[in-house]
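Chemist: One structure, as structure tokens, below. Some questions next.
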Amino acid sequence: MLRKGKPSGGGVDLTSLAYAANSLGGADITYGTGGWLKTQMPHVIGTPDVNKDNIPDIWAVDTTGTMYFYTGGRTAHGSRITATWVNWNGTLAFG
Ligand SMILES: [Ca+2]
């Protein structure tokens, strides 16, 4: 799911992120399909742009502890890249 915030003073109007109806476009949109349930990908974090395309990116850890990097996209995320096979399951937070 992707919820777009409304621009405000060089940033984003945080109230536009509280509810889908308040967001830019007035509705949430599907951003990624398959494998994104909490039972499948328990740790997900959005980060500032890593691959220098001016779009924020995503890091995620699946249930085996494998960490993946997903390039962000304007309408859908890119293909994932395995970042590390080290078991990250015992980690409370990353980023
Ligand atoms: Ca990026």
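Chemist: Taking the Cα centre of the chain as origin, work out the dipole magnitude from +1 charges on Lys and Arg Cβ and -1 charges on Asp and Glu Cβ, in debye rounded to 20.
Modeler: For the chain, the charge dipole is close to 120 debye.
Chemist: Report the relative contact order of segment 33-95, percent, no decimals, based on alpha-carbon pairs under 8 angstrom and at least 6 residues apart.
Modeler: 25
Chemist: Still on this structure, I have one more. Say each of V50 and Y31 gets a label point 7 Å from the Cα, pointing the same way as Cα to Cβ; how far apart are those two points in nm?
Modeler: 1.5
Chemist: Dividing the convex hull volume of the Cα atoms of the chain by its residue count, what figure in Å³ per residue is obtained?
Modeler: 115
Chemist: ³J(HN,Hα) across segment 26-43 via Karplus (A = 6.51, B = -1.76, C = 1.60, θ = phi - 60°), whole Hz, x for Gly/Pro?
Modeler: After applying 6.51 cos²θ - 1.76 cosθ + 1.60, I find x, 7, 6, 10, 6, 10, x, 10, x, x, 9, 5, 4, 6, 9, 9, x, 10 Hz.
Chemist: Of the options W59, S8, G78, report the single residue whose Cα projects farthest towards the positive end of the charge dipole of the chain (beta-carbon charges: Lys, Arg +1; Asp, Glu -1).
Modeler: Working it through, the farthest residue towards the positive pole turns out to be S8.
Chemist: Mind checking which of A76, A21, A60 has the largest fluctuation in a GNM of the chain, springs on alpha carbons under 10 Å?
Modeler: Ranking A76, A21, A60 by mean-square fluctuation puts A21 first.
Read-outs: derived from the displayed coordinates by stated rules, not from any lab. This structure is a prediction, so every number in the text was calculated from the model and none was measured. So basically every Cβ, Gly included, is an ideal-geometry build from the backbone, and we count neighbours across all protein chains shown.
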